[in-house]
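The structure appears below as structure tokens.
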Amino acid sequence: MNSIKIRRIVKKNLFDAGAVCIGTTTLGADPSLNNESLENNNDTGYLVTDPAFTAGCCGVLTSWRVSIQAPGKISLQIWRPEGSKFKLVGENSFSFNSASQLIVQLLNVPQSQRIVVQQNDVIGWYTTPGDMVPYKQGVGSASGNYMQVFATPPSVGISYDWTSGGFFSQRSYGVQADIEENVAPKFTNLPTTKTYPDTTPTTIIMAVSVTDDNTGDLTTLSVTIATHTDKFNVSSNEITTKTGWTWSVGTYDVTVAVTDKCGNAATSAVTIVIENSAPDISNLPSSSDLPEDVTSETNLKDLTVSDVQTYTCAISTVEPSSGNTRFTLKQAPGTSVYSIYSTENPTFSYSLVPQYKINVTCTDEFSLTSWGEFTVNIKPNKPPELDKLPATVSVSAKTTTIGTEVFDASATDSDSSQVFYNKTCSPDPCPFEINGDGKVKATEDLMLHKVPSYDLYIYAYDGRSLVGPETLTLNVIDINHVPEISNLPTATVTVPENTAVGVEVFTVRVRDMDPADTHTYTAVYSPAEGEAYFTVDTNTGVITVKGSIDYETLRPQNKLKYDVTITGNDGRESSTPQQMTLMVIDVNEPQTGFVKAMYSTETGEGKSGDVLSNPFTGTQVLDPDFNDVQTFTMDCGANQGQFRMNSNTGLITLSSEYDLDDAGKTQEVVTCTVTATDKGGHTVSTQLSITVNEINDNAPVLDKGSYSYFVSQCTSVGSPIGQVTSTDKDVQPEHKDVTFDLTSNVGFLVGNDGKIHVAQDLCDVPVGTKYDLTLTASNADGLKDTAPVTVVITDPTTTTSTTSTTTTTTTAAPPTAGGSTSSMDGFFDNLENLAWFVPAVILAAIMVALLFYFLYKCIRNSDALSRLCCKRKTSISKVRDPQKIDGKYEWNVWSHSDYTDTKIEMR
């Protein structure tokens, strides 16, 4: 760095500012050698941290040298490092506007603008509008050059972060600063002496004035004290007493020092003198009068003494000297106050010594003494005067209680501090006393007093003279009369249950000879639970309902009747207790509902009068009333005529036949509204669901009213002889099941399929034997239908078929060995069959021809058709009863005489 010239001569600095510069120290680079290039930036600041631009000691900046290559304003600055930032501590500004000024400038700083530079401070500058200071680039040039553009010029006292700007190495800018040695500051008003009395502690001793030829130090000079630091402080160049130090007599030499930022210091001294003052007895001289008859120790004067120091006081002399035993000076226990007292029983005599002079002295711990005189004037005794008596006073019995003052009879005594009082009464005893202060007070509460007047004879005594008696008449007014309850009823007062809280039940009245009295009322209830339901207004006597009253709750407890004992009081005396009776009575209350919101019952089909199961058995209506009666009604809407309800029991019966079979239903559900009405006409409703089920209530019906069968002899066992059927109106399949049965079960059986079978060998049964049987069709519930069945045993050569209402006989082939009609196989092989079959066929043909002929006629003649078809009666031969032959009834199957001409009319 041959281009940078540095001169540093330093001495050790004991303060934070570093070593103190000695002579002249130059910072920076020679402007004449470092002016090759110029940046082209606007409003730009530069800061150089190279050691050549960094202060190594503390001094004052006296001049700048700088190469100026462009016009503008330049602020040459000193920056102080603060962590990662730098603080601008001072600047000198210069303007160059002409070409002749664009040279190396030597700029001397006026005394008032010089900057105090501390160790490690660095050089910087700010130019506007453009760059003004050139530099030299290359090896050996300064490093640590920072450049930063500022929107506004940097301000003194503000710290900035230069690392956000540009950084350049190997540049030496043409700027130098000369740092001169800093001179020490000095005091302008020291040394000096300050004197104060010990009676007036002072907080501020004085303000120290300092100066410094280096004006840059003036705002940073530090003033301290080096001695008596336990008693005094210095702050902002002001010496003050230290908090907690007691202002004390003495001389204190306080050494004061002032130091600048470079550690240059000057010392001087302040001598603080605190002078002792004698005790001050501020309330002497003074005097006091003292009665000659005083007997007790009497405080005549409390001395007001002030002193910073501890002091003692005493009576030095009393004139005349006979007063030495009659007066004393002492401190009351627990205080520091000195007081002048007359002694107990001093036996003063105005005629002998009317005045005493007492000389009092007070001396402090430095033996400085002050004194004062106190004069005592003895006053001759005067007897007391009962100047407020005689007197007459009215005393209210209403307001006079124990301790109430009724009169102030205190006597006037100008020279006696204490007067004694006494009294007598008429009549005696009396409820009054007179106290030691002369005040007459009541010894009893006169609230209930009945005596109208008292005379008090009062005496006063001051220890030497007794005066009295003087009369005080006390007339007692407002004597009370006892109130009487006047209107309680002898009859019981009834209170309906559910009476609202607050409703008036009864109003109690009193009779009182004192019309201005205000009465209060109390009530006692028997039983005591009455207090929960009733209350009496203490001010008006109105008895009202207090709580919810429920007859049904109280009745089981036997708590419906309450005896109320009432007492009236006028504020002083109570009336004789009187009793009345309150009785809770029942009120019909609405029901709260049914136990259930929906009831149900189930029944089968039935006839009028059939009873359903009762869902309303027991208590189903919620009614708070005791023993209330419910009346039931039922509304079933469209099915109203089907059911009937017992109004007392709720029992339900059918009012007409209920049959589901015709409608083909297996079940029907009817919903009804059931209403309960109590004795008070209150109603509640619920729903009732009635389920009607189809039941097995119809008997099976046989398809015929009677049956007749002709069975050939020797028909085999098991052979069917007929088929029966039945019908049933019931709907459900299980209700249609039927069982067939033949009574006696002799010879024939019937199956559940309705087929009648031969049940025994009929070969041995004679022809013509008749069986009278009964056919029964029954269901599972025992309902049944019956029909007679007649079976006749016939000759195997004749087959007869019979229905329940008609009988026809046909000629058939003889039955087979099994008893049934033979088949057509081999029929025409039998000549006998041909003999009757051929005529039968011819006859059938003729009948068919006749049938067609009649049909033709009927069609041609509608009237004939009507007569023929609608009015003709058909005759059917009826089988005669069998003849009795040899004791047996038999048919001759080949005899036409078995048949009559009796006709059965069929339409």
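Every read-out reported here was derived from the displayed coordinates using simple, explicitly stated rules and does not represent laboratory data. Since we're looking at a predicted model, the values are computed, not measured. Neighbour counts run over all protein chains shown; Cβ positions are idealised from the backbone, glycine included.
Most tightly packed first, judged by the mean number of other beta-carbon atoms within 10 Å of their residues, the peptides 489-502, 533-546 read 533-546, 489-502.
Rounded to the nearest 10 degrees, the angle from helix 831-860 to the longest Cα principal axis of the chain is 70 degrees. When the pairs 186/231; 607/665; 755/784; 665/784; 330/441; 559/679 are compared against a 27 Å limit on Cα-Cα distance, 330/441 fall above it. Under a 5 Å amide H cut-off, with hydrogens placed 1.01 Å from N, residue 68 pairs with 103, 104, 105 among residues at least 5 apart or on other chains. Using θ = phi - 60° in the Karplus curve 6.51 cos²θ - 1.76 cosθ + 1.60, the 3J(HN,Hα) couplings for segment 754-770 round to x, 8, 9, 10, 6, 10, 8, 6, 9, 5, 8, 8, x, 4, x, 5, 10 Hz; x is entered for Gly and Pro. Measuring from a point 7 Å past the Cα of residue 359 along Cα-to-C-beta, which residues in segment 293-330 have an amide N at less than 17 Å? Those under the cut-off are 313-325, 327-329. Label positions at residue 493 and residue 156, each projected 7 Å from the Cα along the C-beta direction, are separated by 10.1 nm. Compute the whole-percent fraction of alpha carbon pairs in segment 98-163 spaced more than 16 Å apart. Result: 67 percent of Cα pairs exceed 16 Å. Using θ = phi - 60° in the Karplus curve 6.51 cos²θ - 1.76 cosθ + 1.60, the 3J(HN,Hα) couplings for segment 701-708 round to 10, 5, 6, 9, x, 7, 9, 10 Hz; x is entered for Gly and Pro. Once backbone amide H atoms are built at 1.01 Å from N, residue 507 has 543 as its partners under 5 Å, excluding neighbours fewer than 5 places away on the same chain.
Of the peptides 452-463, 119-130, the order by per-residue mean of other Cβ atoms within 10 Å, starting with the highest, comes out as 119-130, 452-463. The packing ranking of peptides 849-855, 371-377, highest mean first, is 371-377, 849-855, where packing means the average number of other beta carbon atoms within 10 angstrom of each residue. 3J(HN,Hα) along segment 518-534, derived from phi through the Karplus expression 6.51 cos²θ - 1.76 cosθ + 1.60 where θ = phi - 60°, amounts to 9, 10, 10, 10, 10, 9, 10, 10, 9, x, 5, 4, x, 5, 7, 10, 9 Hz, with x in place of Gly and Pro. Using a simple spin-label model with pseudo-atoms 7 Å out from Cα toward Cβ, residue 167 and residue 107 lie 2.8 nm apart.
Taking a straight Cα-Cα cut-off under 12 Å and skipping sequence neighbours fewer than 8 places away in the same chain, the aspartates and glutamates within cross-link reach of residue 388 are 408, 470. Between amide H atoms placed 1.01 Å from N, distances below 5 Å from residue 317 occur with 359, all of them 5 or more places distant or on a separate chain.
The equivalent ellipsoid that matches the C-alpha gyration tensor of the chain spans semi-axes of 146, 80, 22 angstrom, in descending order. For segment 596-671, trypsin sites (Lys or Arg not before Pro) are listed when DSSP marks them as loop and at most 15 other Cβ atoms sit within 10 Å of their Cβ; the list is 596, 607, 665. Take the Cα of residue 226, step 7 Å toward its Cβ, do the same at residue 352, and the gap between the two points is 7.5 nm.
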